[in-house]
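Read-outs throughout are calculated quantities, based only on the coordinates presented, and are distinct from any laboratory measurement. As the structure is a prediction and not an experimental result, all values here were calculated from the model. All Cβ positions, even for glycine, are placed from backbone atoms using ideal geometry, and neighbour counts span all protein chains on display.
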Amino acid sequence: MGNTQTPAKPPTRRNAVRDLFQVPNVVAGISVGAYIIPQAMAYGSLAGVTPSASLTISVVPLVVYMILGRNTSMSLGPESTVALMTAAAVGPVAASQGIPWATALAVTTTLVGVILGIGWLIKASFLADLLSNPILTGYMTGVAILMIVSQLPKILGFDLNTDTIGELISSEWQTPNAHTILIATIVVVLSLISRRISNRIPGPLLGLAVATLVGLFFTDIERVGEVSLELPAVGFQGFDVEVVVALMLPALSIAVVSFTDVMVTSRAFAGKERPNASMEMRALAGTQFASGMAGGYPMSASSSRTALAFAAGSTTRFYSVFVIVFIIAGPLLLPGVIAQVPISALAGVIVFAAITLVSLPDWTALARFRFGEVAVAATCTLAVVFVGILPGVLIAIVLSIVELLMRLARPHDGVLGFVPNMPGMHDIDDHDGTETLPGLLVFRYDAPLFFMNAYDFFYKVTGALEPDTKVVVLKMDANVELDTTALGVMDELHDTWTPMASTVAARV
């Protein structure tokens with residue numbers, strides 16, 4: 001008799017609930033909840049949203065991702081880079097179009113969701129790979145600098161114009177407030193120390209707690225004030241087509257950056273499962289659209305919060321249920337404590353987030369690999385800092401494409417020969433004692449042939465010919481199809497070479 005196996009029963013609702021209440025999921029929810037409250041309050045201020053409203057709106061991405069997402073550790077919500085990009089986009093448009101900030105914010109966020117939704121429908125999730133490592137490294141460094149600059153007024157205790165670096169330098173500087181500097185420093189130092197010890201320690205929350213206690217001894221500092229679960233201002237007063245047109249390009253930039261953040265985080269904390277770019281784009285599109293309709297600001301993935309959930313061993317994305325409970329319970333149970341949080345302490349949270357964006361190992365790796373990689377990253381950093389964060393995103397994308405075209409336009413090539421005691425043929429420049437056969441030229445071109453490198457290919461092949469060459473073998477495994485320019489150059493090479501030899505062999 002053959003063996004019979006009882007088919008596995010599908011998980012029941014009772015089992016799903018039991019799995020949700022596993023200790024790792026509860027720990028993950030509490031850890032991420034403790035982390036997200038100070039981040040929501042701080043990052044919401046970057047986007048022009050009150051701390052109370054930012055706490056409420058941070059629930060939206062958690063709910064939407066539980067419905068549409070897949071990663072068991074992902075934490076979508078307030079994120080510093082996207083919040084700063086949003087402020088840079090919304091401010092000028094709201095002023096020029098004469099519309100409320102809330103309207104420009106809601107339109108921007110909704111547009112980001114629509115753009116990502118269209119991208120999901122047309123299967124454009126491959127765009128997550130558009131930004132190269134040098135571009136991302138330089139871009140994040142530039143954003144970190146701008147984040148720190150934007151918080152200087154809160155840290156120093158007096159007004160400064162931080163719209164541009166030039167205006168910051170020309171601002172009227174005053175004597176800094178030692179108390180606000182001390183409080184911001186406490187948050188940054190404790191956050192960095194906690195991060196150094198363990199990712200499970202909610203450093204910003206610990207820093208805020210200590211800074212709030214210290215702040216009770218000072219009367220000359222600004223505090224958050226009364227905080228409750230306040231719904232953001234929902235409305236589209238002044239909404240028209242001109243507003244949509246003005247915000248379309250910034251929304252596209254935010255869509256690219258937020259989706260890149262999500263995919264980078266998803267890949268880093270995917271565990272044994274392969275991240276699904278299409279599903280993540282769909283989940284992010286739903287999150288942005290829902291946030292916009294609720295009057296919120298664009299959201300993105302937080303690598304720090306996701307790392308907390310991953311380290312806790314979360315087994316399901318529904319661990320966010322406990323995060324939501326924590327967010328709601330905080331203002332309800334501790335409203336007086338949150339009200340005493342110094343504004344400079346929230347600035348310290350943002351400075352800490354900015355510091356974590358700068359990766360010295362990434363810069364070192366680029367320098368060790370190739371100086372050109374460092375040059376691209378540095379150019380991107382300067383573009384973000386001096387030209388602006390939104391133009392900097394576009395410059396970063398253009399640089400990524402230009403870098404790719406530069407490498408394809410002038411790829412590596414080589415003449416192949418035989419190395420004693422080694423099978424196959426190898427580049428004669430890679431090994432000493434490489435031998436070539438008289439009358440034979442084997443030439444390898446390590447890129448697809450197209451209009452930008454066709455004549456580079458032609459001149460390198462003809463330059464490698466010897467007077468006694470009788471046979472030419474072109475090793476062009478990277479080619480699948482040619483454009484008209486490349487075909488014309490191949491014809492020209494044939495016409496140039498044929499009169500000189502009796503045989504031309506090509507292996508594509």
Quiz item: If we count every other residue with Cβ under 10 angstrom of GLY138's Cβ, Lys/Arg +1 and Asp/Glu -1, where does the sum land?
Solution: -2
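Sort out the exposed loop trypsin sites (Lys or Arg not before Pro) in the chain (DSSP loop, at most 10 other Cβ within 10 Å) and tell me the longest stretch that has none. Mind dumping the intermediate values first?
Numbers: sites that count: LYS123, LYS272.
Of all site-free stretches, the longest is 273-508.
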Self-check item: Against the rule of thumb 2.2 N^0.38 Å, how large the Cα Rg of the chain comes out
Solution: 1.21
Quiz item: How many nm separate the modelled label positions at ARG267 and ARG70, each set 7 Å beyond the Cα in the direction of the Cβ?
Solution: 1.5 nm
Practice problem: Could you work out the local net charge near LEU399, counting Lys and Arg as +1, Asp and Glu as -1, over the other residues with Cβ closer than 13 Å to its Cβ? | Solution: -1
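About its Cα centre, how strong a charge dipole does the chain have in debye, to the nearest 20, once Lys and Arg get +1 and Asp and Glu get -1 at the Cβ?
Computed about the Cα centre, the dipole is about 2280 debye.
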Quiz prompt | For the range 245-266 and the range 22-38, distance of Cα centres in Å | solution = 27 Å
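What helices does the chain hold that run 18 Å or longer along their axis, going by alpha-carbon atoms, with a Kyte-Doolittle average of -1.0 or more, using DSSP H for the helix calls? List each step's numbers first, then the result.
Values: long enough: 23-46 (34 Å, 1.15); 80-97 (25 Å, 1.14); 101-121 (30 Å, 1.73); 133-150 (25 Å, 1.43); 178-197 (28 Å, 1.75); 241-268 (40 Å, 1.66); 277-293 (24 Å, 0.29); 320-333 (19 Å, 2.74); 343-357 (22 Å, 2.51); 389-409 (29 Å, 2.29); 484-497 (19 Å, -0.11).
The answer, listed by residue number, is 23-46, 80-97, 101-121, 133-150, 178-197, 241-268, 277-293, 320-333, 343-357, 389-409, 484-497.
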Exercise. Let me see the pair-distance distribution of the range 264-387: every alpha carbon pair, 10 Å bin width, integer percents in order.
Key: 9, 24, 37, 23, 7, 1
Self-check item: Ascending count of other beta-carbon atoms within 10 Å, so fewest first, for GLU435, GLU373
Solution: GLU435, GLU373
Exercise. Along Cα→Cβ, 7 Å out, is where each label goes; now give me the distance between the ones at PHE217 and ARG196 in nm to one decimal.
Key: 2.3 nm
Exercise. With both partners inside the range 411-507, how many of the DSSP beta bridges are antiparallel, as a percent to the nearest 5?
Key: 50 percent
Exercise. Based on a Kirkwood Rh over C-alpha pairs, give the Stokes-Einstein translational diffusion coefficient of the range 411-507 at 20 °C and viscosity 1.002 mPa s in µm²/s.
Key: 153 µm²/s
Quiz item: When DSSP assigns beta bridges and you keep just the ones with both residues in the chain, what percent turn out antiparallel, to the nearest 5?
Solution: 60 percent
Practice problem: Could you tally the net charge around ALA307, taking each other residue with its Cβ under 11 Å from the Cβ of ALA307, Lys/Arg +1 and Asp/Glu -1? | Solution: +3
Quiz item: So what's the gap between the Cα centers of the range 270-290 and the range 409-428, to the nearest angstrom?
Solution: 43 Å
